[in-house]
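Report on the structure given below.
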């Protein structure tokens, strides 16, 4: 994965948390233990909330999201 803008990092973070949500949901479906199923469902919901937090908190910062990391590194 090539990262050029801050938006690229945030996109990767969102993808990661969405994948974790799916993983926990899948594991919860397979869980035989009620406690394990409850834990996996909790973790899945937590990952969903993290995804939404990243999406909502960064949706209005278009100038920041398009900031080129390479230019900042070269500027130093």
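Miscellaneous remarks
- Taken along the Cα-to-beta-carbon direction at a fixed 7 Å, the label points for residue 16 and residue 39 span 2.2 nm.
- Computed lengthening from residue 53 to residue 3, 0.36 nm per intervening residue step minus Cα-Cα distance: 15.9 nm
- Scattering from the stretch 1-57 was approximated by placing one identical point on each alpha carbon and applying the Debye formula without solvent; log10 I(q)/I(0) at 0.21, 0.27 1/Å stands at -0.73, -0.96.
Readers should treat all values here as calculations from the given coordinates under stated rules, not as data from a laboratory. What you see is a predicted model, and the numbers here were worked out from it, not measured in a lab. No Cβ is skipped: glycine too gets one built from the backbone with ideal geometry, and neighbour counts run over all protein chains shown.
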